[in-house]
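Contents: one structure, followed by commentary.
The values are calculated or read from the model by the stated rules, or taken from the named source; none is laboratory data. This one's a predicted model, so the numbers in the text were calculated from it and none came from an experiment. Because the Cβ atoms are built from the backbone with ideal geometry, glycine has one as well, and the counts that use them run over all protein chains shown. Heads up: the accessible areas ignore ligands, DNA and RNA and are worked out on the full protein's heavy atoms, side chains in. Shrake-Rupley method; radii C 1.70, N 1.55, O 1.52, S 1.80 Å.
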Amino acid sequence: MKLRTAIIGYGKMGKIRHKAMESHGGFDVVVACDTAIDPSATVPMVTRPSDVYDFAPDVVVCSVPNIFIPDLVCTALSHGKHVFCEKPPGRNSSDVQKMITAERAAGGSVLKFGFNHRVHDAIEEAQKLLSAGTMGDLYFMRGVYGKAGGPDYAKNWRNDPEQSGGGILIDQGIHMLDLFQMFAGNFCDIQSFVQRKFWTEVPVEDNAFALMKTPQGVVASLHSSATQWQHTFRLELYLRNGFISVDGILSASGSYGAEVLNIAINRLDSSGNPSPNPELQEIRFTQDLSWNKEVAEFYDAVVHGKPIKCGTSQQALDVMQLVEAIYQADPEWSQTLRTSATEVTG
């Protein structure tokens, strides 16, 4: 069964989703929408989102700036369409709540958010190791996800809080937070420092540091950075019987290096204590299959009624509430946000 598909937002991510859908074979992209017609497009294009419904799509893919996400998603759901939406899921948790309300009202429509890091090969293998239980209880996690701002960084819509809802934390760090919650569940105790150091001409943060704890006592630390001059993805999971780390992540830009899963099992000495520097097993991954996996899960949910496991609306709400909690946990930054909001509205 082919699903007639409309893509709203035909930039980088819209085209990545189009390619993945073509590779899957179960989608027929019948129209794309953007603010300007792309002469290289291989499908009909329109410039008004409302016009995509003239093409009678079964599915709407939403790849637009955060500010437009809730209204476009809710409209698609009200038309009885299935929706695949990019992250972040709007600008704040209120945006997500609005979409959840529309999802419930739509009844059988599928809503999935694109948190593709969950289905990277190295991450999936790490999750299997945790689920097996042989490495014991999870004690703590560390995550660093950062990049250099790059040319025209200050002009990017992602650094306009009215359009994005925040800076590097909501744009990129949200992926690491989503993985933390996948591995350990929700956090109840949060401390943070949110800063604007280098990119002082923008009104959003270029670094966020957070320390979090779950009700079960699992601690996680995050550094999300736009001044990580050497692009970095590193996730570390420390357990009773060893540790797992993911170094690098395969991406469209290729700037985060190879994707490497490291596994170390503790070796006990004669007195039963772990010996330092256990031997590492390294597994390298060379293909980014995450886009294809997400599309396949979405298709199975729409056509075969299978449940969404990666990118549910509840997961989107949980991680957006965590982003907000990190912003609010730094009193200085929280005041900055309130002042900015007052200036915009008043």
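Would you work out if the range 39-135 is rounded, prolate or oblate? Take a ≥ b ≥ c from the square roots of the eigenvalues of the alpha-carbon gyration tensor; rounded if a/c is under 1.5, else prolate when a/b is larger than b/c, oblate otherwise.
Prolate shape, in that a/c is at least 1.5 and a/b is the bigger ratio.
If ligands, DNA and RNA are left out, what is the accessible area of Lys293 with a 1.4 Å probe, given in Å² to the nearest 10?
Its accessible surface works out to 50 Å², give or take rounding.
To the nearest 10 degrees, how steep is helix 93-106 against the longest Cα principal axis of the chain, on a 0 to 90 scale?
60
Do any of Lys128/Lys309; Lys15/Lys128; Lys15/Lys306; Lys98/Lys213; Lys19/Lys293; Lys2/Lys112 go past 20 Å between their Cα atoms, and which? Don't skip to the answer; put the middle values down first.
Values: Lys128/Lys309 15 Å; Lys15/Lys128 31 Å; Lys15/Lys306 26 Å; Lys98/Lys213 28 Å; Lys19/Lys293 13 Å; Lys2/Lys112 18 Å.
Beyond 20 Å between Cα atoms: Lys15/Lys128; Lys15/Lys306; Lys98/Lys213.
Simple spin-label model, 7 Å along Cα-to-Cβ: Val43 to Asn156 in nm?
Placing both labels 7 Å along Cα→Cβ, they lie 2.5 nm apart.
Using a Gaussian network model of the chain whose springs link C-alpha atoms within less than 10 Å, name the residue from Thr214, Thr227, Thr134 with the highest mean-square fluctuation.
Of the options given, Thr134 has the highest mean-square fluctuation.
Quick one: angle between helix 174-184 and the longest Cα principal axis of the chain, in degrees between 0 and 90, rounded to 10, please.
50
For the range 165-313, what relative contact order do you get, as a whole percent, if you take Cα pairs closer than 8 Å and at least 6 residues apart?
RCO, the range 165-313: 13 percent.
Expressed as a whole percentage, what fraction of the accessible surface of the range 5-125 belongs to carbon and sulfur atoms when a 1.4 Å probe is rolled over the protein heavy atoms?
Working: 2350 of 4650 Å².
Carbon and sulfur: 51 percent of the exposed surface of the range 5-125.
Relative contact order, percent, of the range 208-258 when contacts are C-alpha pairs under 8 Å separated by at least 6 residues? Could you put the intermediate results ahead of the total?
On the way: 54 pairs, mean separation 11.6, N = 51.
Once normalised by length, the contact order is 23 percent.
Which whole-number value in Å³ per residue fits the convex hull of the alpha carbons of the chain?
So the per-residue hull volume is 151 Å³.
On a 0 to 90 degree scale, rounded to 10, what angle separates helix 121-132 from the longest Cα axis of the chain?
60
Mind telling me which of Ser63, Ser275, Ser94 comes out most flexible in a GNM of the chain, alpha-carbon contacts under 10 Å?
Ser275
Ignoring ligands, DNA and RNA, what percent of the accessible area of the range 129-269 is carbon or sulfur (1.4 Å)?
Its accessible area is 51 percent carbon and sulfur atoms.
Over the range 68-169, give the accessible area per residue in Å² for a 1.4 Å probe, as an integer. Can you show the working numbers first?
Numbers: 4120 Å² over 102 residues.
Each residue of the range 68-169 exposes 40 Å² on average to a 1.4 Å probe.
Which value in deg cm²/dmol, rounded to the nearest 500, describes the helix-derived mean residue ellipticity at 222 nm for the chain, given -39,500 (n - 2.57) per DSSP H run of n ≥ 4 and division by the residue count?
The helix contribution divided over the chain gives -10000 deg cm²/dmol.
What list of ³J(HN,Hα) values in whole Hz, one per residue of the range 20-34 in order, does the Karplus curve 6.51 cos²θ - 1.76 cosθ + 1.60 (θ = phi - 60°) give from phi, with Gly and Pro shown as x?
5, 5, 5, 5, 5, x, x, 10, 10, 6, 9, 6, 10, 10, 7
Which of Gly149, Gly173, Gly107 moves the most in a Gaussian network model of the chain with Cα springs under 10 Å?
So, out of Gly149, Gly173, Gly107, the one fluctuating most is Gly107.
State the antiparallel share, in %, of DSSP beta bridges confined to the chain, rounding to the nearest 5. Write down the numbers at each step before the final one.
Working: 42 of 69 bridges.
If I count the DSSP bridges inside the chain, around 60 percent turn out antiparallel.
If each residue of separation counts as 0.36 nm, what is the full-extension length gain between Ser221 and Ser78 once their alpha-carbon separation is subtracted?
Difference between extended and current length: 47.5 nm.
Go through the cysteines of the chain and tell me which have no other cysteine Cβ under 4.7 Å away.
Cys33, Cys74, Cys188, Cys310
In terms of the Cα gyration tensor, with a ≥ b ≥ c the square roots of its eigenvalues, is the range 243-321 rounded because a/c is under 1.5, prolate because a/b exceeds b/c, or oblate?
It is prolate, given that a/c is not under 1.5 and a/b is the larger ratio.
With a probe of 1.4 Å, find how much accessible area the range 188-346 has per residue, and write the answer as a whole number in Å².
In whole numbers, the range 188-346 has 52 Å² accessible per residue.
Counting Lys and Arg as +1 and Asp and Glu as -1, what is the net charge of the other residues whose Cβ lies under 13 Å from the Cβ of Asp38?
Summing Lys/Arg as +1 and Asp/Glu as -1 gives +1.
Pop out the ³J(HN,Hα) list for the range 54-65 in order, Karplus 6.51 cos²θ - 1.76 cosθ + 1.60 with θ = phi - 60°, rounded to Hz; leave Gly and Pro as x.
So the J values, rounded to whole Hz, are 5, 9, 6, x, 8, 10, 10, 9, 10, 10, 10, x.
How high is the relative contact order of the chain, in percent, with contacts defined as C-alpha pairs under 8 Å that are six or more residues apart?
Reported as a whole number, the value is 17 percent.
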